[in-house]
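Note sheet for the following structure.
The values are calculated or read from the model by the stated rules, or taken from the named source; none is laboratory data. Since we're looking at a predicted model, the values are computed, not measured. Cβ atoms come from the backbone with ideal geometry, glycine included; neighbour counts cover every protein chain shown. Ligands, DNA and RNA are stripped out before the accessible areas are found, and what is left, the full protein with its side chains, is counted by its heavy atoms. Shrake-Rupley method; radii C 1.70, N 1.55, O 1.52, S 1.80 Å.
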Amino acid sequence: MDTVLPPELKPRESMAFDVVIVGAGPAGLSAAIRIKQKNADLSVVVIEKGAEVGAHIISGAVVDPIGIDTLLPGWRDEADHPFRTPVTEDSFVVLTPKSAIRFPNALMKLMPPLMNNHGNFIVSLGEVTRWLAQKAEALGVEIYPGFAATELLYDDAGALVGVATGDMGMERDGTHGSGYARGMELHGKYTLLAEGARGSLTKLAIAKFGLANDRDPGKFGLGLKEIWEVTPDKHRQGLVQHSFGWPLSNDTGGGTFLYHLDGNRVAVGMVVHLNYKNPYLSPFQEFQRFKTHPAIAPLFAGGKRVSYGARAVTEGGWQSVPKLVFPGGALVGCAAGFMNLPRIKGSHNAVLSGIEAADAAIAALSAGRQHDELSAYEAGWRDGPIGQDLRRVRNVKPLWSRLGTIVGIGIGGIDMWLTTLFKGWSPLGTLSHGKPDYATLEPASQHTPIAYPKPDGVLTFDRLSSVFISNTNHAEDQPAHLRLADPALQRTSEHDVFAGPSTRYCPAGVYEWIEETSGPRFQINAQNCVHCKTCDIKDPNQNITWVPPQGGEGPVYMSM
C-alpha cells in the first residue's frame, strides 16, 4: 500500500533559471534588465512579494539619474517615462517651534556639491519600478508579483542554489486551509537578493555567511510619507525643500522634506533615525506635529491627503555595508545598505549596484561558473561610483549621532567638503557608528512621557486612518508574520523597563499593551502591518522578527 505524504512533505515543484532575483525594486529590476541587455539567451526571473510591481515601493523620492542614464541611456527621448518633474528649486530650512530659517542663496552655494539637487528629478518610485518592469518584460525577463520568497535553498556544499516561496492557505494555528498550496522552488545558478532595507532573506544570508563580520552594525531610519493634493495656488512644481530641527530634539537625528510633484501633488515626509534614546518618542506623532508648524501648515490648507506609507531606510553607509557576495548569491540595492544619508538618496546606487552585480553574473556564467562567489562585484564597488558616493559622506551619520543635529551637521558639512576636495580623505579618518539601533533605547525611568496633541482629522491623523489609505490588507486567519520569541521577556523588559516603545515606534498601530486584571498583555495586530520592518530593528531585545506573510499581502502603494 502506497504511503500518502501530507502536502508539506511532498517535494515542491521547481523551476530553473540562470539568475533568480528576489525583489522587484530598482536594484532587482536593473539587474534583470542589464543581464538581458548583455545576453538575451540567459533566463532571468524576478519574484516580488507585493501584489503588483510597485505595491511595496515607497521613497521620497528625488532621484539622481546617474543610474538610469547608465542602464537606459536613451530614456530621455521616450514620451512615457516617469521622470516628469525636474528639480527647479532647492531649499534648506532650519525649523524652531515658531519660525523657519531659510538658507540664503549665498549659503546654499557653500554647501558641498553633492548636496545640490539641480539635474535630479522628483518622482514616484512606484511609477519608476512599474516602468522598469515593462522594460524588463519586453526583454524577456519573467516577473512574478504576489510571491513572497521565504526560504533560502542550499546545496550539500552550503552554496545558495535558489529560494522557495511561502506556502499559501495556512491557518492561524499552522494547519492547512481549504485553499492550501505548497510553495515553489526557484533554482538559480546565481541568486540576487534585492529585498530593500532589512530584508528577511538578507538577514539570513548575512548571518549564515558572516557577511557583517568586521563591519560596523547596520544603521537605520524610519521614513514616513504622505501624498497630498494641494490647491493650485500653493503648488510649485519642481520645488525640493529639506528641513531639520523642530519637532525633533537636538539629540534625535532626523529631518523632513517637501517635494512638489506634478498634478498639484506634494510629497511630505520625515525620516527619524532609529538610534534615538527616548522610549516615549513616536516617529508617527512627530511627523504629524511637523505639519502643524506655522511655516508648513498653510501649504495643506484646502488640500487633501491621498496616500500614506512608512518604511525603514538604511543609514550606515560605507562602514556598515556587509560583504556583498557569498557562494551562489549577492546583495544589491538597499539590501546591501547603499543609501546616501545626507542626500536622502539610494535609488541611484540601487540601480548602479544592480548593474554591477549583473555584469559580474554575466561574466561568471559566460565562463561556465555557477554557485560560487561573484568576486568581481565585491572587489569593484568601493572604487566605483557607489563607493565614491558613500565614502565622501561616511562621517556625517557618526558625527550627527555623537554631537547632535546642529553641531553634527555643521561639522559633517565641513567633512564632506574635505572628502570632496581631497578625493575621500578626511582628518577624522572613518568614524564608527557605535551601538546598533536596538541598543540605544534608555529605560523609561530616565525620560518623561511626551504629550502629543490629538489629531484633528484634517491636517493631522491617527495611525489607523493612515493605514486605511495605504490599502494594507492581510488575511486575519493566517499565521502571524510578526514572531515574538519570548513573551515573558517582552513583558519584563519591553513593557516594564522601556514602557512599551513598540506601541510608539510602529507607524501602523500593530502593537498594543492591554492592561488586564492578570497583568499587561501584549497584542499584535498583524493585519495593520505596512512592512516597514521597524520592529525587527528597534525592539530593545531583538525579540520580534518580521517574516513575509502570504504573497501579495501588505500595503498596495499606488504612487509612493
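Worth pointing out:
- Relative contact order of the range 109-226, pairs being alpha-carbon contacts under 8 Å that are 6 or more residues apart, as %: 15 percent
- What the Cβ-Cβ distance of residue 13 and residue 233 gives, at R0 = 60 Å and to the nearest 0.05, is a FRET efficiency of 0.55.
- Rounded to 0.05, the FRET efficiency of the residue 485 and residue 512 pair, given R0 = 22 Å and the Cβ-Cβ distance, is 0.75.
- Taking a sphere under 10 Å around the Cβ of residue 455 and counting the other residues whose Cβ falls inside, with K and R at +1 and D and E at -1, yields a net charge of 0.
- Across the chain, the relative contact order, built from alpha-carbon pairs under 8 Å that are at least six residues apart, equals 20 percent.
- Modelled spin labels at residue 473 and residue 367, positioned 7 Å past Cα toward Cβ, are 4.8 nm from each other.
- With the simple spin-label model, which puts each label point 7 Å out from Cα in the Cβ direction, the residue 41 to residue 138 separation comes to 2.5 nm.
- Once the Cα-Cα distance is subtracted from the 0.36 nm per residue extended length, the residue 118 to residue 454 segment shows a gain of 117.1 nm.
- Prolate/oblate/rounded call for the range 16-133, Cα gyration tensor, a/c under 1.5 rounded: prolate
- From the coordinates shown, Rg and Dmax of the Cα atoms in Å corresponds to which of [x] 23.0, 86; [y] 30.3, 98; [z] 22.8, 79: [x]
- In the chain, the DSSP-assigned H stretches of four residues or longer account for a calculated mean residue ellipticity at 222 nm of -6500 deg cm²/dmol, using -39500 (n - 2.57) per stretch and the full residue count as denominator.
- Residue 151/residue 75 FRET efficiency (R0 56 Å; Cβ-Cβ; nearest 0.05): 0.95
- Around residue 555: net Lys/Arg minus Asp/Glu count, Cβ-Cβ under 15 Å: +1
- Note that the range 71-228 presents 44 Å² accessible area per residue, ligands and nucleic acids not counted, probe 1.4 Å.
- The Cα atoms of the range 251-336 give a gyration tensor whose axes a ≥ b ≥ c have a/c of 1.5 or more with a/b no greater than b/c, which makes the shape oblate.
- One decimal place: the segment residue 446-residue 422 gains 4.3 nm when fully extended, by the rule 0.36 nm per residue minus the C-alpha distance.
- Distant-in-sequence amide H partners of residue 17 (H built 1.01 Å from N, under 5 Å): 187, 188, 189
- Spacing of the modelled spin labels on residue 84 and residue 108, each 7 Å from Cα toward Cβ, amounts to 2.5 nm.
- Local net charge near residue 391, Cβ-Cβ under 10 Å (Lys/Arg +1, Asp/Glu -1): +2
- Rounded, prolate or oblate (a/c below 1.5 giving rounded, otherwise prolate when a/b exceeds b/c) for the range 313-365 by Cα gyration tensor: oblate
- Taking the range 163-232 and dividing mean pair separation by its residue count, relative contact order in percent (alpha carbons under 8 Å, at least six apart): 19 percent
- Taking amide H as placed 1.01 Å from N in the peptide plane, residue 345 has its amide H under 5 Å from the amide H of 340, each at least 5 places away in sequence or on another chain.
- Here the accessible area of the range 395-502 is 62 percent carbon and sulfur, with a 1.4 angstrom probe and all protein chains present.
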